[in-house]
Amino acid sequence: MAIVNKLTVLMPAFGAPTEYVTLLAQVQGTATTTNNALTGFVNFVRTGRIRFKTVSPAGTAGITAVVITATDGSATVTLYQDAVARTVSTLQDFLYSFMSELNITTITVAITWGAGTASTLDLEVTGNP
């Protein structure tokens, strides 16, 4: 299922976001790590939320690790990292909040998949300077 309830719906409680970027229908590899780079901010961001979700139908490859990094073009910071195996063939919907001292221009969501048939992902990020 594609993104219906956007992150911008949640953000009024956290301040209206000035930036909103999406990557839709991103095909993922299997038994490998796929990097999904969210770029195209009009201005830099320092705080916000990142969301990614698998699109129906889920594949038979499970997510085994997630690393989210951000960069200002010279320095890189890790916003989130884990190595937790998720249930295979189950729709996944993740939401992460972040805060950084960097003037972020790119956020990369690197997802490691197990063997099998991977799903596609929809990703979105909202943010403020």
(message) When the residues of the stretch 42-54 are narrowed to those that are touching a residue at least 60 places away in the same chain (Cβ under 8 Å) and either surrounded by fewer than 18 Cβ atoms within 10 Å (Cβ to Cβ) or aromatic (Phe, Trp, Tyr) (or both), which ends up nearest to ALA16 (Cα to Cα)?
(response) THR47
(request) Have a look at ALA31, ALA75, ALA58, ALA110 and point out the one that is in contact (Cβ under 8 Å) with a residue 12 or more places away in the chain, over 16 Å from VAL21 (Cβ atoms) and open to solvent by 70 Å² or more (accessible area, probe 1.4 Å). (result) ALA31
(message) Can you report the number of residues in the stretch 93-107 which are of a type outside the set (D, E, K, R) and within 17 Å of THR22 (Cα to Cα)?
(response) 9
(request) Can you work out which of the residues in the stretch 78-93 that are hydroxyl-bearing (Ser, Thr, Tyr) and under 15 Å from the mean Cα position of the chain (by Cα) is surrounded by the fewest Cβ atoms within 10 Å (Cβ to Cβ)? (result) THR78
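Output yes when any residue across the stretch 94-104 is surrounded by 13 or more Cβ atoms within 10 Å (Cβ to Cβ), of a type in the set (Val, Ile, Thr) and touching a Ser or Thr at 6+ places or on another chain (Cβ under 6 Å), and no when none is.
So far as the stretch 94-104 goes, no, none of its residues is surrounded by 13 or more Cβ atoms within 10 Å (Cβ to Cβ), of a type in the set (Val, Ile, Thr) and touching a Ser or Thr at 6+ places or on another chain (Cβ under 6 Å).
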(message) So, in the stretch 77-106, how many residues would count as being on the phi < 0 side of the Ramachandran plot, in a loop (DSSP other than H, G, I, E, B) and not hydrophobic (A, V, I, L, M, F, W, C)?
(response) 5
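For the stretch 18-28, name all the residues that are farther than 19 Å from THR108 by Cβ and buried (at least 17 other Cβ atoms within 10 Å of the Cβ).
Listed by number, the list is empty, since nothing qualifies.
The values are calculated or read from the model by the stated rules, or taken from the named source; none is laboratory data. Computed from a prediction, not measured in an experiment: that's the story for all the values here. Cβ coordinates were reconstructed from backbone atoms using ideal geometry, including for glycine residues, and neighbour counts include every protein chain displayed. In case anyone asks, the SASA skips ligands and DNA or RNA and just uses the protein heavy atoms, side chains included. Shrake-Rupley method; radii C 1.70, N 1.55, O 1.52, S 1.80 Å.
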